[in-house]
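Throughout, read-outs are computed from the coordinates displayed, never taken from laboratory work. Predicted model, so just to flag it, every value in this text is computed and none were measured. Using ideal geometry, Cβ is built from the backbone for each residue, glycine included, and neighbour counts are taken over all protein chains shown.
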Amino acid sequence: LEARQTFLVESPDVTYSKDFIEAKYTYSTVHVCKENGVTKVRPCSTRFTFRTGRQVPRLGLMLVGWGGNNGTTVTAAVLANRLGLSWMTKTGRKKANYYGSLLQASTVCLGTGPTGDVYVPFRDLLPMVHPNDIVFDAPALHLHPR
């Protein structure tokens with residue numbers, strides 16, 4: 001699956017290639033110890049390199065207790081959204097959505113721009129599988145996206 005890109009980080013610590021996003025990060029902390037009754041604080045840092053594939057893989061889900069509350073809820077939620085289901089209530093038509101999903105409904109502040117804070121959907125920070133593309137499978141259950 002192709003990941004969409006809604007913003008680009010311009011930094012000497014971030015590089016983009018056709019296949020990967022690579023970021024260098026320095027984790028800074030302090031080491032505290034006591035020597036001869038004196039507390040000494042020594043700054044230390046560790047350099048990390050994070051590499052993320054830009055191609056979103058297929059994601060299969062095997063869930064223990066699929067017939068229970070959690071299994072049926074997650075399966076029904078994904079299927080309702082994938083199929084675009086809606087239903088009538090006494091207050092009007094309701095449509096399936098991912099409003100309760102941290103990844104699908106949340107935003108993150110990237111920083112401040114000319115008109116104030118700039119927010120992007122959490123799901124756009126890195127390439128990730130959309131819930132509608134999850135493949136559910138079990139011996140008697142075949143619910144694949146078309």
Once amide hydrogens are built 1.01 Å from N within the peptide plane, the residues lying 5 or more places from Leu59 or on another chain with amide H under 5 Å from its amide H are Val135
Would you please give the FRET efficiency between Thr107 and Val38, computed as 1/(1 + (r/R0)^6) with r the Cβ-Cβ distance and R0 = 41 Å, to the nearest 0.05?
0.30
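List the trypsin sites (Lys or Arg not before Pro) in the range 55-125 that DSSP assigns to loop (not H, G, I, E or B) and whose Cβ has at most 12 other Cβ atoms within 10 Å. Which are they?
Values: sites: Arg58, Arg82, Lys90, Arg93, Lys94, Lys95, Arg123; in loops: Arg58, Lys90.
Passing both the DSSP loop test and the Cβ count: Arg58, Lys90.
To check you understand DSSP bridge types, tell me what percent of the beta bridges within the chain (both residues inside) are antiparallel, rounded to 5.
Numbers: 33 of 36 bridges.
Given both bridge residues lie in the chain, the antiparallel proportion sits at roughly 90 percent.
Take the Cβ-Cβ distance between Val135 and Thr29 as r, set R0 to 41 Å, and report the resulting FRET efficiency rounded to the nearest 0.05.
On the way: r = 41 Å, r/R0 = 0.99.
The computed FRET efficiency comes out at 0.50.
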Label points 7 Å out from Cα along the Cβ direction at Val14 and Leu126: separation in nm?
1.3 nm
Rounded to the nearest 20 debye, what is the charge dipole size of the chain about its Cα centre when +1 sits on each Lys and Arg Cβ and -1 on each Asp and Glu Cβ?
320 debye
For the chain, find the longest principal axis of its Cα atoms and tell me its angle to the long axis of helix 69-82, 0 to 90°, nearest 10.
80 degrees
Exactly which chymotrypsin sites (Phe, Trp or Tyr not before Pro) in the range 86-117 are in a DSSP loop and have at most 14 other Cβ atoms within 10 Å?
Tyr99
